[in-house]
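Heads up: the structure comes next, in structure tokens.
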Amino acid sequence: MKGEEDVTVEEKVKEIFKKVLDIEPGEIKADEPLDGSLGIDSTELVEISVGIKKDLEVDLRDGELKKTQTFNEIVAFLKEHGAN
């Protein structure tokens, strides 16, 4: 079993997506627009943002994730802002 420190940013974000959207991580297409591939709306994006703030302890301002379009862009953005 992996320790908390061994879980990647990608895995943590996938877990947040699973909680918010009730989907399996395999349904996430890394480079496809989230609104098209998963039908994410603005409310769900806010919930994902809150989950990221809580679970990854990253300080995000309201609306910052709206700048991202894909799962990979979210992960890259979080890594740039100190998530690990």
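No value in this document is a laboratory result; all are computed from the given coordinates. None of these values were measured; they are calculated from a predicted model. Heads up, the Cβs are rebuilt from the backbone with ideal geometry, glycines too, and the neighbour counts pull from every protein chain shown.
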*Taking 7 Å along the Cα-to-C-beta vector as the label spot, tell me the Val46-Lys29 distance in nanometres, rounded to one decimal.*
2.8 nm
*Percent RCO, i.e. relative contact order, over the chain, from Cα pairs under 8 Å lying at least 6 residues apart*: 36 percent
_Value at 222 nm in deg cm²/dmol, rounded to 500, when DSSP H runs of n ≥ 4 in the chain each add -39,500 (n - 2.57)_ = -15000 deg cm²/dmol
*Please find the FRET efficiency linking Val7 to Lys66, where r is the Cβ-Cβ separation and R0 is fixed at 25 Å, and quote it to the nearest 0.05.*
0.45
*Given (1) 3, 9, 13, 15, 16, 17, 16, 6, 4, 2, 0; (2) 3, 16, 24, 22, 15, 10, 7, 3, 1; (3) 3, 15, 29, 30, 17, 5, 2 as candidate values of P(r) over Cα pairs in 5 Å bins from 0, in percent, which corresponds to the one derived from the coordinates?*
(3)
*Within the stretch 33-64, find all residues whose amide N lies under 12 Å from a label point positioned 7 Å from the Cα of Lys19 along Cα-to-beta-carbon.*
47-57
*What longest range of the chain stays clear of loop-exposed trypsin sites (Lys or Arg not before Pro) (DSSP non-H/G/I/E/B, at most 15 other C-beta within 10 angstrom)?*
30-60
_Take Lys53 and Glu73, extend 7 Å from each Cα along the Cα→Cβ direction, and tell me the distance between the two endpoints in nm._
2.1 nm
